[in-house]
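Undergrad: Shown below is the structure under consideration.
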2 protein chains.
Amino acid sequence: MHSDTGKPPTGWQAIRDDVVARIRARDWPPGGAIPHEAALAQDYGCARSTVNRALRDVAAMGLIDRRRKAGSRVALAPARRATLDIPLIEAEVTARGQSYGYALLSRDHGPAPLAVCARLGLPQGAPLLHLTALHLADGQPHMAEDRWINPEAVPGLLDVDFTTVSANAWLVRNMPYSEGELILTATQADAPRAEALDCAEGAALFTMERVTWIDDRPITLVRQFYAPGHRVVTQL
Amino acid sequence: MHSDTGKPPTGWQAIRDDVVARIRARDWPPGGAIPHEAALAQDYGCARSTVNRALRDVAAMGLIDRRRKAGSRVALAPARRATLDIPLIEAEVTARGQSYGYALLSRDHGPAPLAVCARLGLPQGAPLLHLTALHLADGQPHMAEDRWINPEAVPGLLDVDFTTVSANAWLVRNMPYSEGELILTATQADAPRAEALDCAEGAALFTMERVTWIDDRPITLVRQFYAPGHRVVTQL
DNA sequence: ATTCATAATATGTCTGCACATATTATCTGC
DNA sequence: GCAGATAATATGTGCAGACATATTATGAAT
């Protein structure tokens with residue numbers, strides 16, 4: 001379960017682990033201060049910068065709060081923090097040993113709905129490329145996506161043949177390094193979606209909505225509806 | 001939207017931002033190598049350790065891959081990484097300016113279902129404390145939770161009055177610093193859940209399942225069902 | 001050509017020192 | 001006692017240099 005990947009860490013990581021262990025063991029009580037860097041450096045027999053490196057990591061985990069002059073104190077209610085890795089769907093599917101498939105369901109270019117424009121911060125009726133597509137795992141529907149892309153911000157977009165390449169894959173290759181917002185929610189399958197995903201109408205679909213920008217220029221808005229039963233697993 | 005919180009960063013953060021900008025601008029092409037630390041240090045007129053600090057951050061963002069001797073290259077398919085902050089429900093609710101309420105729905109102590117024991121890695125029929133509770137926002141149902149706790153690993157558990165304190169809050173206070181696994185999914189509301197959440201039966205509920213351990217001893221398994229329409233927002 | 005030892009190289013880490021910065025503690029005059 | 005100036009202090013950041021480690025490139029021997 002908790003696979004020790006081998007050897008115990010050394011150097012600053014060893015210090016970090018020791019500090020974490022002492023916090024978990026309540027060696028330093030919640031809300032209390034821990035020794036300052038210089039003292040710890042002496043304890044561990046290393047330079048203060050090494051302790052600093054370790055404590056910075058512990059702070060990043062949310063276990064301690066650090067403030068200048070005030071020192072470091074053990075967090076009372078440590079923030080739980082989970083990191084979601086969002087791979088390409090293809091990688092996600094093949095990583096599970098399933099075969100990956102993709103099908104474009106529809107393609108439209110024209111004025112987008114008001115809600116979509118608003119979400120992207122574009123004027124009403126801006127012309128966007130609208131794609132709906134289906135991602136398959138072992139031939140079974142795995143995820144249905146509904147995507148708008150801004151041709152203004154994506155040169156060459158309208159010439160791409162999205163029947164063979166998924167928009168996601170193309171965008172990652174051609175417009176990488178964008179920033180964005182991710183929204184997780186659950187939606188009920190409406191009739192067309194239920195048909196696409198081959199599930200009951202009204203089924204609960206895990207849903208991810210992403211909006212991405214490059215330099216404050218909106219690139220794409222995509223809503224991805226996963227087939228019922230999909231689970232996203234992460235450590236915290 | 002993209003709130004510049006004020007001044008431009010200085011020092012190593014400025015270098016990090018500049019490197020990120022140059023990658024986004026395709027100054028260094030995807031898959032290509034970027035100058036090595038010593039060269040960059042000379043460019044920026046700083047010490048190599050400062051560049052190292054900056055590049056470590058860029059690597060943590062997934063924009064570059066670094067390997068000894070091979071140098072740093074721009075990632076071809078940068079992993080999208082989103083960080084979920086999981087606050088206490090109470091904080092989550094009050095942060096939105098709503099009033100928070102809590103109600104215990106049921107409390108049981110006895111052998112747990114097989115599936116639950118398996119999930120926690122406990123022998124079949126282990127006695128666990130089973131709680132169901134409701135969290136309210138402005139008096140409206142906000143989230144229903146279904147929780148099993150292992151009294152073996154949580155001293156004093158059976159004496160706690162969970163009618164006034166939520167299990168989550170108590171555990172965070174008394175058993176902090178645990179590790180765990182988080183699963184995100186969507187479920188349909190069954191009859192009792194629909195009644196608790198005051199929503200239609202069959203509604204799509206955003207669901208979080210958490211299992212936490214301390215030192216490989218299972219603490220708790222909780223499934224939290226959010227009222228329809230709940231959205232988790234995060235940056236990436 | 002293939003294999004294996006060896007050198008070269010970029011990153012990883014550590015040290016000791018210095019100064020910057022934020023925040024708390026203390027002292028001062030009123 | 002209180003407000004405001006001043007000192008003290010813990011962390012944040014930076015530098016130059018050193019060695020460690022992983023990995024690639026090179027050259028020698030077969």
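The values are calculated or read from the model by the stated rules, or taken from the named source; none is laboratory data. Here the structure is a predicted model, which is why all the values come from computation and not from measurement. No Cβ is skipped: glycine too gets one built from the backbone with ideal geometry, and neighbour counts run over all protein chains shown. Ligands, DNA and RNA are excluded from the accessible area calculation, which covers all protein heavy atoms including side chains. Shrake-Rupley method; radii C 1.70, N 1.55, O 1.52, S 1.80 Å.
Undergrad: What number of residues within the range A:46-73 satisfy the criterion of being outside any loop (DSSP other than H, G, I, E, B) and more than 12 Å from DNA strand D (Cβ to nearest atom)? Give the derivation first.
TA: Going residue by residue through the range A:46-73, those that are outside any loop (DSSP other than H, G, I, E, B) are A:48-60, A:64-67, A:71-73.
Still in the list and also more than 12 Å from DNA strand D (Cβ to nearest atom): none.
Going through the range A:46-73 one residue at a time, the tally reaches 0.
Undergrad: When the residues of the range B:67-93 are filtered to those that are away from chain A (no Cβ under 11 Å) and surrounded by fewer than 18 Cβ atoms within 10 Å (Cβ to Cβ), which remaining residue is nearest to A:Tyr177 (Cα to Cα)?
TA: Only one residue fits best here, namely B:Arg73.
Undergrad: Take the residues in the range B:195-217 that are buried (at least 18 other Cβ atoms within 10 Å of the Cβ) and farther than 18 Å from B:Ala137 by Cβ; name whichever of them is farthest from the other protein chains (Cβ to nearest Cβ).
TA: Among them, the one singled out is B:Val211.
Undergrad: Within the range A:47-78, restricting attention to residues that are touching an Asp or Glu at 6+ places or on another chain (Cβ under 6 Å) and hydrophobic (A, V, I, L, M, F, W, C), which residue is farthest from B:Asn174 (Cα to Cα)?
TA: Residue satisfying both the conditions and the ranking: A:Val51.
This table checks each residue for (1) more than 16 Å from DNA strand C (Cβ to nearest atom); (2) within 30 Å of the chain's Cα centre (by Cα).
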| site | (1), (2) |
| --- | --- |
| A:Ile15 | no, yes |
| A:Ala41 | no, no |
| A:Cys46 | no, no |
| A:Ala60 | no, yes |
| A:Gly71 | no, no |
| A:Ala115 | yes, yes |
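Undergrad: Follow-up question, since we're still on this one. Do you know which residues across the range A:24-39 are in contact with a strand residue (DSSP E or B) (Cβ under 6 Å, 6 or more places away or on another chain) and more than 16 Å from DNA strand C (Cβ to nearest atom)?
TA: A:Trp28, A:Pro30
Undergrad: Next up: Would you check if B:Val222 is in contact with a Lys or Arg (Cβ under 9 Å, 6 or more places away or on another chain) and modelled with pLDDT under 95?
TA: When the stated conditions are applied, B:Val222 does not pass them.
Undergrad: Then there's this: I want to confirm something. Restricting to the range A:142-169 and keeping residues that are assigned to a helix (DSSP H, G or I) and surrounded by fewer than 18 Cβ atoms within 10 Å (Cβ to Cβ), which single residue is nearest to the chain's Cα centre (by Cα)?
TA: Going through the qualifying residues, I end up with A:Ala169.
Undergrad: Taking the range A:108-141 only, how many residues are within 14 Å of chain B (Cβ to nearest Cβ) and open to solvent by less than 30 Å² (accessible area, probe 1.4 Å)?
TA: 1
Undergrad: Quick one: is B:Gly31 more than 14 Å from DNA strand D (Cβ to nearest atom), surrounded by 13 or more Cβ atoms within 10 Å (Cβ to Cβ), outside any strand (DSSP E or B) and at pLDDT below 95?
TA: no
Undergrad: Return yes or no: is B:Ile64 within 14 Å of another protein chain (Cβ to nearest Cβ), under 22 Å from A:Pro78 (Cα atoms) and hydrophobic (A, V, I, L, M, F, W, C)?
TA: Criteria not met by B:Ile64.
Undergrad: Got at least one residue in the range A:101-119 being touching a strand residue (DSSP E or B) at 6+ places or on another chain (Cβ under 6 Å), assigned to a loop (DSSP other than H, G, I, E, B) and of a type outside the set (A, V, I, L, M)?
TA: There is no residue in the range A:101-119 that is touching a strand residue (DSSP E or B) at 6+ places or on another chain (Cβ under 6 Å), assigned to a loop (DSSP other than H, G, I, E, B) and of a type outside the set (A, V, I, L, M).
Undergrad: If you take the residues in the range B:173-189 that are at pLDDT below 95 and assigned to a loop (DSSP other than H, G, I, E, B), which one is farthest from the other protein chains (Cβ to nearest Cβ)?
TA: B:Met175
Undergrad: Test A:Ala133 against the stated conditions and say whether it is part of a strand (DSSP E or B) and small (Gly, Ala, Ser).
TA: Criteria met by A:Ala133.
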